[in-house]
Amino acid sequence: MDFSYTAEQKQITDMVAEFVDEEIVPVAAEIDKEDEFPADVIDELAELGLMGMPFPEEYGGAGLDYHAYPAALEEISRGSGGLGTIVAAHISLAGNMVYAFGNEEQKQEYLTPMALGEDIGAFALSEAGAGSDVPAMDTTAEKAGDEYVIDGGKLWISNGSVADTVIVFAKTDPEAGNRGISSFVVRPEEDDGFIVEGTEEKLGDKGCPTAELRFENLHVDESRRLGEEGRGFVHALKTLNGGRITIAARSVGIAQAALDEATEYAQQREQFGNPIAEFQAIQHKLADMDTKTRAARLLMHSAADKKMDGENFVKEAAQAKLYASEVSREVANEGIQIHGGYGYTKDFPAERFYRDAKLNEIYEGTSEVLRNTIANELFG
């Protein structure tokens, strides 16, 4: 396996990296402080074609492969963890649900504006009592003629309060367990009964609104159902599996940002008459941080390679997300340690990297669930 970038992949990655350094890094602290959806930055990403990176050009996408797309998302996350989540939830979850399981008419109507960045997408799966245990959801979609009536609520929905297109999972047959779940395209501005209860005040991941949603007698035409009735659970698992590659990318981006900041600081900060970068203890920390970040990146591309070859990549995606998420937190933690007291203040971005990194171990599959997934794959 050769994970060296092709000329095209390198060109794309360099372009995104330059944009991140010029447009995102300078405003990252402000995004974190204000915790407002950065619509202006999203518009700029859309102009660069980065809101539909892996989708075909016929649907408004950029047609990037799964090496270039995670590499670009890594760069975006290096600039801002919140932006990384916004883009990943929009593309890898909401967009991929429509692309993978929608019919041609649904792709033209819903995917195209999302890929162009005209619409923002959200993926509404989790509930207060149904996080890792998806079949425990209470939201229902009862068939009424040629419509479904959705009632219930969702929690922890990235982009949920700003989305134009929300993929909602609900039980169409409450007695059938995971085989009774279906998914629907919901349009908040068009559909009466879509209610945003509020957004969470989070430790990190600022700028990406995490919403609580409620549905009251919300009617959607059956043409808004994605795929066959009862296949929503399977579709969610397949979508989350691909999404884990991009959460690995977010993790690697944050780790790289923490490593870069710590490396620069260590060369500038002097103690006992010398830059602390000359002390072996600091050198060993930086060496470990760099090694772990590189290993996480390679695991990410290994999973992407399997996906692109059409092979089963469940284990590889779980391993990439598990390892990269834990590495991002470990590297960010060491970054704070290298900064000493300054790392615990908001004068430096080290503490922000740590707050943003922690989320990677929780959403789109907790570390505990991912270890179960890996073990299940080992046992066949």
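A value for Cα extents along the principal axes in Å was derived from the coordinates, and within the list (i) 79, 44, 38; (ii) 61, 44, 41; (iii) 65, 54, 39 it appears as (i). Packing-based ranking of 238-247, 187-196, 56-65 yields 238-247, 56-65, 187-196, ordered from highest to lowest mean Cβ neighbour count within 10 Å. Rounded to the nearest 20, the Cβ-based charge dipole of the chain about its Cα centre (Lys and Arg +1, Asp and Glu -1) stands at 1540 debye. Could you compute the FRET efficiency for D146 and E311, with r as their C-beta to C-beta distance and R0 at 45 Å, rounded to 0.05? FRET efficiency, D146 to E311: 0.70.
Here the chain has 45 percent of its accessible surface on carbon and sulfur atoms, given a 1.4 Å probe and all protein chains in place.
Here K206 is the anchor, and the lysines within straight C-alpha reach of less than 24 Å, apart from those fewer than 8 places off in the same chain, are K33, K154, K321, K346, K358. Between the amide H of G160 and those of A211, distances stay under 5 Å, these residues lying 5 or more places away or on another chain, with hydrogens modeled in the peptide plane.
Between D35 and Y344, the simple spin-label model (points 7 angstrom out along Cα→Cβ) gives 2.2 nm.
Quick check on segment 83-158: take the gyration tensor over C-alpha atoms, sort the square-rooted eigenvalues as a ≥ b ≥ c, and tell me if it's rounded (a/c under 1.5), prolate or oblate.
On the way: a/c = 2.38, a/b = 1.21, b/c = 1.97.
Taking the square roots of the gyration eigenvalues as a ≥ b ≥ c, segment 83-158 is oblate.
Over the chain, DSSP H runs of length four or greater, each weighted -39,500 (n - 2.57), average out per residue to a 222 nm ellipticity of -15000 deg cm²/dmol. About its Cα centre, segment 233-379 has a charge dipole of approximately 440 debye under the convention of +1 per Lys or Arg Cβ and -1 per Asp or Glu Cβ, with nothing else charged.
Taking a ≥ b ≥ c as the square roots of the eigenvalues of the alpha carbon gyration tensor, segment 122-228 is oblate, as a/c is not under 1.5 and a/b does not beat b/c. With a Förster radius of 25 Å applied to the C-beta separation of N376 and E228, the computed FRET efficiency comes to 0.50. Screening the chain for whole DSSP H helices with an alpha carbon extent of at least 27 angstrom along the helix axis and a mean Kyte-Doolittle hydropathy of at least 0.0 yields 232-268.
Spatially, segment 1-74 and segment 319-334 are offset by 21 Å when compared through their Cα centroids.
Across the options I254, H219, G193, the greatest Cα extent toward the positive end of the charge dipole of the chain (unit charges at beta carbon of Lys, Arg, Asp, Glu) belongs to I254. Computed over protein heavy atoms with a 1.4 Å probe, the accessible surface of the chain works out to 44 Å² per residue.
Relative contact order for the chain: 16 percent, from Cα pairs under 8 Å spaced at least 6 residues apart, divided by residue count.
Applying 1/(1 + (r/R0)^6) with R0 = 35 Å to the Cβ-Cβ distance of R269 and E8 gives a FRET efficiency near 0.35.
The values are calculated or read from the model by the stated rules, or taken from the named source; none is laboratory data. This is a predicted model, so every value here is computed, not measured. Don't worry about glycine lacking a Cβ; one is built from the backbone with ideal geometry, like all the others, and counts go over all protein chains shown. When the accessible area is computed, the model is the full protein with side chains, heavy atoms only, and any ligands, DNA or RNA have been set aside. Shrake-Rupley method; radii C 1.70, N 1.55, O 1.52, S 1.80 Å.
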